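Here is the structure we will look at, set down as structure tokens.
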């Protein structure tokens with residue numbers, strides 16, 4: 001049971017439902033191969049059927065954690081921090097990102113864009129989902145658009161989403177892991193015909209790291 005004091009701290013972003021935190025190698029997208037500290041925040045109602053961290057969906061399973069402690073843990077290891085989920089923008093991230101940047105850490109986020117943008121970001125990776133589309137303002141803020149390709153219909157959805165982002169946004173197509181063997185040849189062919197796109201792979205799974 002969360003008491004009133006904790007509710008206040010959560011609303012201000014001074015506590016967050018931390019699911020896990022770990023130092024690893026970024027496995028996807030523009031910063032693939034870079035060492036980064038990942039902060040995974042619980043809570044998500046976007047509901048992707050192929051989500052590989054469904055245990056993150058219920059925020060109540062992840063006790064509120066003091067944000068200052070999260071920042072301290074990251075500061076000891078990394079120069080770049082990736083905030084992910086779940087859907088991290090369900091929470092107020094202003095305090096977290098300001099504290100990280102005060103400690104000279106770069107702040108990256110991976111989000112579906114389904115909630116209003118909070119926080120100060122050096123890099124925004126937008127990964128839209130059909131079940132709950134991004135809010136309009138985040139399209140122009142995104143540095144990277146990462147589209148998950150599960151079937152052929154997803155190429156059309158990817159193009160629809162790409163038409164909404166700013167012209168400097170990096171565009172990536174990434175095969176959904178369980179269907180990768182079927183979709184990778186199609187993605188390769190698509191990118192060769194449409195070179196504005198790049199391919200992203202979940203290299204951390206090939207490397208057997210978090």
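The values are calculated or read from the model by the stated rules, or taken from the named source; none is laboratory data. In this text the structure is predicted, and so the values were computed from the model without any measurement. Here the Cβ positions follow ideal geometry from the backbone for every residue, glycine too, while neighbour counts run over all protein chains shown.
Sort out which residues of region 130-155 are surrounded by fewer than 19 Cβ atoms within 10 Å (Cβ to Cβ) and in a strand (DSSP E or B), and write them in order of number.
132
Could you grab me the full set of residues in region 11-40 that are in contact with a helix residue (DSSP H, G or I) (Cβ under 9 Å, 6 or more places away or on another chain) and over 20 Å from residue 202 (Cα atoms)?
12, 13, 14, 15, 16, 17, 18, 19
Run down 61, 18 and say which single residue is within 17 Å of residue 91 (Cβ to Cβ) and modelled with pLDDT of 95 or more.
On the way: 61 fails: modelled with pLDDT of 95 or more.
After ruling out the rest, the residue left standing is 18.
Just wondering, is there one or more residues in region 61-71 that are more than 13 Å from the chain's Cα centre (by Cα), over 23 Å from residue 31 (Cβ atoms), surrounded by fewer than 20 Cβ atoms within 10 Å (Cβ to Cβ) and without any contact (Cβ under 8 Å) to a residue 12 or more places away in the chain?
Taking every residue of region 61-71 in turn, at least one turns out to be more than 13 Å from the chain's Cα centre (by Cα), over 23 Å from residue 31 (Cβ atoms), surrounded by fewer than 20 Cβ atoms within 10 Å (Cβ to Cβ) and without any contact (Cβ under 8 Å) to a residue 12 or more places away in the chain.
Scan region 185-203 residue by residue and report those that are in a helix (DSSP H, G or I), under 22 Å from the mean Cα position of the chain (by Cα) and surrounded by fewer than 16 Cβ atoms within 10 Å (Cβ to Cβ).
So the first thing to find is which residues in region 185-203 are in a helix (DSSP H, G or I), and the list is 185-193, 203.
Imposing the further condition that a residue be under 22 Å from the mean Cα position of the chain (by Cα) reduces the set to 187, 203.
Residue satisfying the conditions is 203 alone.
Quick one: would you say residue 25 is buried (at least 21 other Cβ atoms within 10 Å of the Cβ) and either closer than 19 Å to residue 106 by Cβ or out of contact with any strand residue (DSSP E or B) (no Cβ under 7 Å at 6 or more places or on another chain) (or both)? Step through it out loud before you land on a result.
On the way: buried (at least 21 other Cβ atoms within 10 Å of the Cβ): no; either closer than 19 Å to residue 106 by Cβ or out of contact with any strand residue (DSSP E or B) (no Cβ under 7 Å at 6 or more places or on another chain) (or both): yes.
No.
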